[in-house]
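Asks: Before I ask anything, here is the structure I am working with.
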Amino acid sequence: MKAAVIGSTTWGTTLAIVLARKGFPVALWTRTTAEAAALERGRESPSLPGTPFPSTLSVTDSLPEAIQGADLVVLAAPSQSMRQNIRLVAPHLKGSPVLLSLAKGLETGTGLRMSQVMASEMPVRLHSHIAVLSGPNLAREIVRALPAATIVAAAMPETAEHARDILSTPKLYVYTSEDVAGVELGGALKNVIAIAAGMVETLGYGDNAKAALMTRGLAEMMAFGAACGAATDTFLGLSGMGDLVVTCASPLSRNHRVGIELAKGRSLEEVQADMREVAEGVHTTTAARELARRLGVSAPIAEQLYRVLFEGGEPRQAVHDLLWEQGAVRLTVQPPVHFKE
C-alpha cells in the first residue's frame with residue numbers, strides 16, 4: 001500500500017506522518033525543489049517541530065513520482081487551490097486510487113464543495129473513488145498520537161470503507177458516511193462560525209454569549225445542509241457539532257485566531273500576514289454568503305462576518321447585531337431533502 005500526499009500543509013504533513021508510522025510508503029509532494037530538499041534534509045516540518053519523519057516518508061517535487069502506484073492520493077491543498085491542484089494531478093492518475101480531500105472550504109465564485117470541484121476536473125471513471133475527510137482533527141494533537149475521531153464520506157460505501165481501513169490507527173478512529181454534502185458543509189461552515197466566536201470571546205461577552213452564537217451557528221449550518229440535500233443529523237456528529245466545538249474553542253484553531261485578532265482592531269491583511277497557513281473561514285465566508293443568497297438560506301453570521309472581513313464593518317457592532325438585534329438563537333430548520341448528487 002502506497003500513499004501520496006499532495007501539499008505540505010500542516011494537516012497534510014500530519015496525515016503523511018500518521019500513514020508512514022503504519023509502515024506504508026508515503027510520498028509527500030511539495031511545489032518547489034527547494035522545499036522538498038529542505039524537508040528531506042531536516043526530516044521534519046517547520047510547522048511540526050520535534051516530530052521527525054518516519055523512514056518510510058519521502059519528499060519529492062515530482063508529481064509522477066509521488067503518485068505512481070499510489071492506492072491513496074490525499075489532496076491537502078487549501079480549498080481555493082484545489083481546482084489548480086486537481087488539474088495538475090489528474091493526468092498522472094492511473095488505476096483506481098482513493099482520492100481524498102482534506103480541505104474544509106467552499107470555492108469562491110462557484111460555491112462548490114471540494115468533492116464537486118474534484119469531480120468537475122477528473123475523468124468520470126474516478127468519480128466513485130472521491131472521498132472527503134472531516135472532523136474535530138487538530139493536526140498538532142493527532143501528530144502527537146492523542147486520541148481523536150474523524151469521518152470519511154464518499155458516495156460509494158466501498159470507497160469510504162477502503163479509506164477508513166487505510167487511515168485508521170489505534171489512536172485515530174475513523175467513521176464512514178455516505179452524506180458527502182453534509183460532511184463537507186459541516187467542515188467548511190464551522191470555520192465561519194469560529195471566526196465570529198473568536199470575536200465574541202475577545203470582546204469580553206463571555207462563554208454564555210459564545211455558546212449562544214455557536215448554537216445559532218449550528219442552526220445556520222443545518223439550514224445550509226437542508227437546502228443542499230444533506231441529512232440534518234450529520235451536523236450533530238463529528239463533522240458538524242464536534243468540529244464546531246473544537247474550532248471555536250481551541251487556541252490551535254487558525255479561524256478562531258483570526259476572530260480574536262480582528263476584535264483587537266487589526267485589519268484582515270495584518271492578521272493574514274502573520275499566519276503561516278490559510279484560515280479557510282475567510283474565503284468560505286464569501287462563498288457561503290453567495291451560496292446562501294442563491295439558495296434563499298438565512299445566514300446572518302456569514303452576512304455580518306462578510307461586512308467585518310471585507311467592508312470595514314466593526315466587530316463589536318456585528319456581534320451586537322447577532323446577539324441582540326437579530327436574536328441570539330433561532331433554531332427553526334427546514335426538514336432535510338434527500339436526493340442523489
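What follows is calculated from the coordinates using simple rules that are stated; it is not laboratory data. All of these numbers come straight from a predicted model, not from anything done at the bench. Virtual Cβ from ideal backbone geometry, glycine too; neighbours counted across all protein chains shown.
Asks: Quick check on the exposure proxy: order W11, W324, W29 from fewest to most C-beta atoms within 10 angstrom.
Replies: By the 10 Å Cβ count, ascending, the order reads W324, W11, W29.
Asks: Follow-up. Apply the a/c threshold of 1.5 to the C-alpha gyration tensor of the range 98-173 and tell me whether it is rounded, prolate or oblate.
Replies: In terms of gyration-tensor shape, oblate.
Asks: Follow-up question, since we're still on this one. Roughly speaking, what is the stretch gain from L236 to E178, that is 0.36 nm per residue apart minus the C-alpha to C-alpha distance, in nm to one decimal?
Replies: Numbers: separation 58, 0.36 × 58 = 20.88 nm, distance 1.52 nm.
Net length gain for the segment: 19.4 nm.
Asks: Taking every pair of distinct Cα atoms and averaging 1/r, then inverting, what Kirkwood hydrodynamic radius in Å comes out for the chain?
Replies: 20.1
Asks: Kirkwood Rh, Cα Rg: Rg to Rh for the range 3-178?
Replies: On the way: Rg = 15.0 Å, Rh = 16.1 Å.
Reported Rg/Rh, Kirkwood definition of Rh: 0.93.
Asks: What 222 nm value per residue comes from the helices of the chain, counting each DSSP H run with n ≥ 4 as -39,500 (n - 2.57) and dividing by all residues, nearest 500 deg cm²/dmol? Kindly include the intermediate steps, with their values, before the conclusion.
Replies: Details: 15 runs with 159 residues, N = 341.
Roughly -14000 deg cm²/dmol at 222 nm, from the helical runs in the chain.
Asks: Taking 0.36 nm per intervening residue step and subtracting the Cα-Cα distance, what contour gain separates N208 from R140 on full extension? Before the final figure, lay out each step's value.
Replies: Details: separation 68, 0.36 × 68 = 24.48 nm, distance 2.78 nm.
Stretched fully, the N208-R140 segment lengthens by 21.7 nm.
Asks: Gap in Å between the Cα centre of the range 167-223 and the Cα centre of the range 62-105?
Replies: Using only Cα atoms to place each centre, the spacing works out to 26 Å.
Asks: Add +1 for every Lys or Arg and -1 for every Asp or Glu among the other residues with Cβ under 13 Å from the Cβ of A36, and state the total.
Replies: Surrounding charge for A36 is -1.
Asks: I've got another one for you. Determine the percent antiparallel among the DSSP beta bridges restricted to the range 3-178, to the nearest 5.
Replies: Roughly 15 percent of the DSSP beta bridges within the range 3-178 come out antiparallel.
Asks: So for the pair S267, R294, with labels modelled 7 Å out along Cα→Cβ, what separation do we get in nm?
Replies: Output for this residue pair reads 3.0 nm.
Asks: What is the order of F53, F24, F224, F235, fewest Cβ neighbours within 10 Å to most?
Replies: F24, F53, F224, F235
Asks: Starting from the Cα gyration tensor of the range 271-325, take the square roots of the eigenvalues, sort them a ≥ b ≥ c, and report rounded, prolate or oblate (rounded when a/c is under 1.5, otherwise prolate if a/b is larger than b/c, else oblate).
Replies: Because a/c hits 1.5 or more and a/b fails to exceed b/c, the range 271-325 counts as oblate.
Asks: When H283, H320 are ordered from fewest to most other Cβ atoms inside 10 Å of their Cβ, what list results?
Replies: The most exposed by this proxy come first: H320, H283.
Asks: Sequence-distant or interchain residues sharing an amide H contact under 5 Å with L28, placed H: which?
Replies: Answer set, sorted by chain and number: V5, S58, V59, T60.
Asks: OK, next. Is the shape of the range 14-70 rounded, prolate or oblate, going by the alpha carbon gyration tensor and its root eigenvalues a ≥ b ≥ c, with a/c under 1.5 for rounded and a/b larger than b/c for prolate?
Replies: Oblate, because a/c is 1.5 or more while a/b does not exceed b/c.
Asks: Here is a further query. Using a simple spin-label model with points 7 Å from Cα along the Cα→Cβ vector, what separation in nm is obtained for T110 and D165?
Replies: 3.2
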